[in-house]
1. Please go through the stretch 88-139 and write out the trypsin sites (Lys or Arg not before Pro) that DSSP classes as loop and that have at most 14 other C-beta atoms within 10 Å.
2. Angle, helix 249-297 long axis vs. longest principal axis of the chain, Cα atoms, 0 to 90°, nearest 10?
3. Here is the link list: LYS302/LYS354; LYS232/LYS255; LYS302/LYS361; LYS50/LYS114; LYS361/LYS436. Which ones come out longer than 28 Å on Cα distance?
4. How would you rank LEU293, LEU459, going from fewest to most other Cβ atoms within 10 Å of each one's own Cβ?
5. Measure nothing fancy, just the Cα-based angle from helix 8-65's long axis to the longest principal axis of the chain, in degrees from 0 to 90, nearest 10.
6. How big is the gap, in Å, between the Cα center of the stretch 280-295 and the Cα center of the stretch 237-272?
7. Could you work out how far helix 161-180 tilts from the main Cα principal axis of the chain, as a 0 to 90 degree angle to the nearest 10?
Amino acid sequence: MIAIFHSLQVRLTIGFASILLIAISLVSGYSAYVTRSEIVVLRNEIETVKNIRAEELITKTYEATNDWDDVQYAAQQVGTLFGWHVIIENSKGKIVADSHNQRIGDDLKSNMFKPIYKRPIIINGKNAGWMLINDKPRHNAIIPQPVSQKIISNSKNIQNTNLEGELNNNSQRIISEVLEVVEPPLTDLQSTFQNALIIAGTTSVLAGLFIVSIFTRQSLKPVKYLTKAAKKIGSGDLNYRVKVESDDEIGQLSKTFNNMANELESLQNERRQMTANIAHELRTPLTNIRGYLEGIQDKVLKPNKENIDTLFNQTLHLNNLVDDLRVLSMIESGTLNLNLSEGDIVKIIEISAKDFYPRAKNSGVKINLELQNITTEKIYFDDTRMRQIIANLIENAFSYNSENNEITISSEISDNYYVIKIIDQGEGIPDEEINKIFHEFYRVDKSRSKKTGGVGLGLSIVKSLVEAHNGEISVSSKINSGTTFTIMLPIIS
Ligand code: ADP
């Protein structure tokens, strides 16, 4: 049960639903309050209008006939129509009409009738009596006889037929006027309104919940995909990718996740490739050594100087390979400690180049040095590693050079960098390969390595070492024209 509340969808739904509920409750509460107040105001206004109408009815009836009997009829009309108990008192304090027909002729003071409203009956500017109203009587008023029947049955007033006719018309008119006072069933209105609010509120909450749950479900779908993808990748399925369905924040997250998965996959592929390359590079010299040793064991080969030299070269090759791998892994793991100090970079380049002079002489290659001396500028580097970098690049310039060509090593200060260039006039590197030459074990022409003895680790080590010096290395090349490697070392001001 509690686990349900850990679901983001459930929590979002509850959150939205709560906001909806609070908003609807506030709106409903406020509307109900305002309606109730307005209804009270309206009810009072209607009561006043009813009072005026009743007074008008009674006054006009008395004015028309000057007979309290007719007023009795009007009082009963009012009592029945409005549900009141109406008593009419003449100016002497005697009850002359009673909608409930109970107290006619009584003295009001001796009665227990407690009026809520008391209105004067003014005839020709004089007070002819009072109209007393109790708007919440215990009993209903007596329903009056219809006026027309009353006239016909009232034989003692035959000579007053015209007057009765007038009463009839007047009363009908006045009563119809009174009836025009529309009294809406206010209590019904209020409860209808409240019921409507409850129904509308409940429907809104339910509809809101439905919409919110669909909305959150839709919005959180990519998160589910992400979770699934993370599980898949975590369990080693690096091919798995998330479906990107939107460009919003979650869509961006999914894209970033896929990029990360791409990186992981290519890293894994590189690692696999690297292992395969190492195995391959180790196998060749080991197979050679084993072949030679088996040959000597089986006395097919003699343990003479020539064979021992071959064996020695193979172990040397193995040794270099293992050394290179060790340096690479140390750089990658950040455990290669560079002994950085302010040094004479020009001197280091000269020493590195001088190591190749005998080889240059033998192969007829000319080495040109065009180095700019540094004066106040400071360059921090590790002597041994810097020699390794320069030597490696000169070595390549020799390996991939043609005979009787030149190798130029130049340097200059540019902006805040000391820029070293190793330029050869060799075979060059094809455009499509140039970005790959810094990759481990990458060789442009696999057959060339047989000639040079390299395994494709030299440039990756050079690049890692230059970067460990906070420098940059780049290459430009043209087939059959030559290659230029450019190293930029930061000058510390
Ligand atoms: P390798 O041990 O094969 O020399 P490197 O990492 O030093 O490995 O070089 C990678 C590849 O880049 C080489 O196999 C070669 O094809 C190419 N390369 C490097 N330097 C040069 C150069 N100066 N001229 C032409 N090709 C070069």
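The numbers here are math on the coordinates, done by the rules we state, and not lab data. What you are looking at is a predicted structure, and each value in this text was computed from that prediction instead of being measured. Ideal geometry is used to build each Cβ from the backbone, glycine not excepted, and the neighbour counts take in all protein chains shown.
1. Counting only loop positions with at most 14 other Cβ atoms within 10 Å, the trypsin sites (Lys or Arg not before Pro) in the stretch 88-139 are LYS92, ARG138.
2. 20 degrees
3. Pairs exceeding 28 Å: LYS302/LYS354; LYS302/LYS361; LYS361/LYS436.
4. LEU293, LEU459
5. Tilt relative to the chain: about 20 degrees.
6. Value for the Cα centre distance between the two parts: 42 Å.
7. For 161-180 against the chain, the angle is about 10 degrees.
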